[in-house]
Amino acid sequence: MVEQQENFARLGTNRRAVVTGLAALSAGLALPIGATGAAASANKHLRIDVHHHFVPDEVVGNRYIVPPLKSWSLQKSLEDMERGGVTTAMLSVTPQVLTALAQGGAATPAHYRRANEFAAKLVADHPGRYGLFAGIPITDPDAALKEIDYAFSSLKADGIGLFTSYGNRWLGHHDFDPVFAELNRRKAVVYTHPTVAPCCVHIVPDLNDSEIEYGTDTSRALANFVFTGSSSRYPDLRLIWSHGGGTIPFLIARFTKGTHPGSRLSKVLPQGFMPEFNRFYFDIAQIAKRPPLLALQAVAPKGHILFGTDFPYLTAVEHVDGVKDAHVFSAKELHGIDTDATALIPRLAS
């Protein structure tokens, strides 16, 4: 019991439009958009958004895209970053964008490639402002392995982006082992984003599925990844879980209880749940309020809580103000939330 308590305590852009838009925006700013080097370092506090979405130009306004993704633009993204003091935003694709690229069908490796190349161009065109978590078609392991190699070797991606589930298979399913083995070999940063599994749609008819299922699906994926032994088999992965880890902070007692010596799960996790959990990272997107932040602070290791915004669904300012006004973290801890992603991606510190 004492040990458990101790664990809890530790616990293809239109260039002309873009240039015009950026010029208009930077005219009203003390520091121009995209400024890098000594001038930027001297005037800006480092703040890294690990949870920032994009929409390729070809599907902006597409009927499969819902607001606020429908009106996404590069200018709006950069404006939001400036208002919230975000130095670098890590780009990741959403399930809706892939559906739109596929015109309502199932996304193919080609659709992932198109999304990744669009995002990689944003990274290249705006040095220092963006990074990339490249999406991969994990349900097709051979294609996924090819996209991993292309993402790192050609697109210079900073990590890989995955969804929490694919149909009725969650991260940790043995079908995905070849992909995780390769990511582990590369010591990759893996960002995860929730989706809604087929099992659990329209359960509360008047509530958007994501409001409940995103947090729940994150919890299912994290639990599956740990309790199938995947986390212990792939110890060199650096995983980021969205939205504060979903409901995991509230389930910690159940998971630690379930892995006590002599329990069925202790055969999979002889050291218990917490050593695996303590390797994970968590972003604060959509949880910049006192209750969820208190819960996350109680269970997450120091240095493993990262800044995130879920742009364009919410803004950087909402998260900067929310996490500050929650009065959960000290000034030093707030600084760490903004900057600790550099431990995962050292280039972001420059």
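Brief remarks follow.
- Overall form of region 299-350 per C-alpha gyration tensor (a/c, 1.5; a/b vs b/c): oblate
- Packing-based ranking, highest mean first, of 134-142, 201-209 given that Cβ atoms within 10 Å are counted: 134-142, 201-209
- Highest mean first, the peptides 108-117, 89-98 sorted by other C-beta atoms within 10 Å per residue fall in the order 89-98, 108-117.
- Relative protection proxy for 261-269, 330-338, 56-64, from highest mean packing down: 56-64, 330-338, 261-269 (other beta-carbon atoms within 10 angstrom).
- Counting 0.36 nm for each residue step from D57 to F152 and taking away their Cα separation leaves a gain of 31.9 nm.
- Hits among aspartates and glutamates - C-alpha to C-alpha of K267 under 18 Å, sequence gap 8 or more where chains match: E276
- C200-H45 FRET efficiency (beta carbon distance; Förster radius 35 Å; 0.05 resolution): 0.30
- Computed over the alpha-carbon pairs of region 159-308, the distance histogram in 10 Å steps reads 11, 41, 37, 10, 0 percent, short to long.
- At the listed q of 0.08, 0.11, 0.14, 0.15 Å⁻¹, the Debye profile of the chain, built from one uniform point per Cα, gives log10 I(q)/I(0) equal to -0.37, -0.72, -1.19, -1.37.
- Separation in nanometres of the label points that stand 7 Å from Cα toward Cβ, at V317 and S210: 2.1
- Listed pairs K187/K302; K121/K324; K70/K289; K289/K332; K121/K187; K121/K146 exceeding 29 Å between Cα atoms: K121/K324
Here, each number is a calculation from the coordinates, and none is a lab measurement. Predicted model, so just to flag it, every value in this text is computed and none were measured. In this analysis, Cβ positions are derived from the backbone assuming ideal geometry, glycine residues included, and neighbour counts consider all displayed protein chains.
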